[in-house]
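Q: Sharing a structure here in C-alpha cells format.
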Amino acid sequence: MLKWAIVFAIISLVLGVLGFTTLAGATMGIAKILFWLAVIVTVILLVLGFTIAKKVT
C-alpha cells in the first residue's frame, strides 16, 4: 500500500509540474488515503502482534 502511495505522489508531482492541477489534486488525494490506510494497518498489526505475543509466551 505504501508503494502505491509513493507512486501516486510521484504521478501527482509530475502532473503538477505539467500544469494538470485537477488531476494532480486527485492523485494526491489518493496518495494521502493510501498512506494513512497503510499507517493504520501497520499500527493495528503492531498492536495485535504485541498482544498475541504476550498470550503465547
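Q: Per residue of the range 14-22, in order, report the coupling 6.51 cos²θ - 1.76 cosθ + 1.60 (Karplus, θ = phi - 60°) as ³J(HN,Hα) in whole Hz, putting x for Gly and Pro.
A: 5, 5, x, 5, 7, x, 8, 5, 5
Q: Same structure again: Taking the highest mean first, how do the peptides 27-38, 12-23, 43-54 order by number of other beta carbon atoms within 10 angstrom per residue?
A: 27-38, 12-23, 43-54
Q: If the cut-off is a Cα-Cα distance under 17 Å, which lysines reach Lys3, setting aside same-chain residues fewer than 8 apart in sequence?
A: Lys32
Q: If I take all pairs of Cα atoms in the range 2-56, what percentage of them are more than 17 Å from each other?
A: Counting every Cα pair in the range 2-56, those more than 17 Å apart make up 49 percent.
Q: Provide the per-residue ³J(HN,Hα) series for the range 42-53, in order, calculated from phi with Karplus coefficients 6.51, -1.76, 1.60 and θ = phi - 60°, each as a whole number of Hz, with x at glycine and proline positions.
A: Each residue's phi maps through the Karplus curve to give 5, 5, 4, 5, 5, 5, 4, x, 5, 6, 5, 5 Hz.
Q: Place a point 7 Å from Cα of Ile44 in the direction of its Cβ. Which residues in the range 1-22 have their backbone N less than 16 Å from it?
A: 1-2
Taken together, the values in this text are just the output of simple stated rules run on the coordinates, not laboratory data. Here the structure is a predicted model, which is why all the values come from computation and not from measurement. We place every Cβ from the backbone using ideal geometry, glycine too, and count neighbours over all the protein chains shown.
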